[in-house]
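See structure below.
The values are calculated or read from the model by the stated rules, or taken from the named source; none is laboratory data. Everything numeric here is computed off the predicted structure, so don't read it as measured data. Positions of Cβ are backbone-derived with ideal geometry, glycine not excepted, and every protein chain shown enters the neighbour counts. Calculation scope for accessible area: heavy atoms of the full protein, side chains included, ligands and nucleic acids excluded. Shrake-Rupley method; radii C 1.70, N 1.55, O 1.52, S 1.80 Å.
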Amino acid sequence: MALAMEEEAVRRYRQLATIMESRYALDTAATFLTLAEEEQDHAQAIAALAGRLGRPLASGAAFTWRLPPEIAASWDDLTDRTRVTPYRALAVAVLNEQRGFAWFSYVAANATDPDVRRQAEALAAEELNHAAMLRRERRAAFRRERTA
């Protein structure tokens, strides 16, 4: 599930980067491309951990799961809009990172394997750092949009 979540984040952040580029919000597009790369690194770390633990790892694409409706709706509503602002895109990304933090924190708290616990704690910290960075970006976008 962790791999599927990270691969979904990569896909969504690339999608948002493309939307922001089409609206000439190049700074916001660059933020989303950076996040996509970092989430890709997370996916690779998850795959590596599974290999070290000798656990089979299905591709995230092959993992049959759906996002909970409230999460999917926030992404889908955003990307289906014709007028997505950088502020709105960043707000949804903050929410996504907060949910990622909560999920990896839950995994860390309930993991019986110390390697899984350490990896989940590290990923939770990364998601928390992403959320903090995105909040700063969101505030800047709000100021830019307010003055425009």
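The table below lists the values:
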read-out	value
Exclusive hit being modelled with pLDDT of 95 or more, open to solvent by 30 Å² or more (accessible area, probe 1.4 Å) and out of contact with any helix residue (DSSP H, G or I) (no Cβ under 6 Å at 6 or more places or on another chain), set T18, T34	T34
Filter pass, A47 being open to solvent by less than 70 Å² (accessible area, probe 1.4 Å), among the small types (G, A, S) and modelled with pLDDT under 85	no
Number of the condition not met by F101 [criteria: (1) outside any helix (DSSP H, G or I); (2) open to solvent by less than 80 Å² (accessible area, probe 1.4 Å)]	(1)
Residue pairs meeting the criteria (Cβ under 7 Å; at least 6 apart or on separate chains; first in contact (Cβ under 8 Å) with a residue 60 or more places away in the chain and of a type in the set (D, E), in the stretch 106-122; second open to solvent by less than 80 Å² (accessible area, probe 1.4 Å) and part of a helix (DSSP H, G or I))	D115/L49
Condition check for A93: modelled with pLDDT of 95 or more, in a helix (DSSP H, G or I) and buried (at least 19 other Cβ atoms within 10 Å of the Cβ)	no
Residues of the stretch 21-31 satisfying the condition of being hydroxyl-bearing (S, T, Y) and in contact with a helix residue (DSSP H, G or I) (Cβ under 6 Å, 6 or more places away or on another chain)	T28, T31
First in the stretch 137-148 and farther than 14 Å from V92 by Cα, second anywhere and open to solvent by 60 Å² or more (accessible area, probe 1.4 Å), Cβ under 6 Å, 6 or more apart	E145/Y87
Cβ pairs under 8 Å, 6+ apart, first in the stretch 36-47 and in contact (Cβ under 8 Å) with a residue 40 or more places away in the chain and more than 13 Å from A2 (Cβ to Cβ), second open to solvent by 30 Å² or more (accessible area, probe 1.4 Å) and in a helix (DSSP H, G or I)	E38/E126
The stretch 112-143: number of residues that are polar (S, T, N, Q) and closer than 20 Å to E6 by Cβ	2
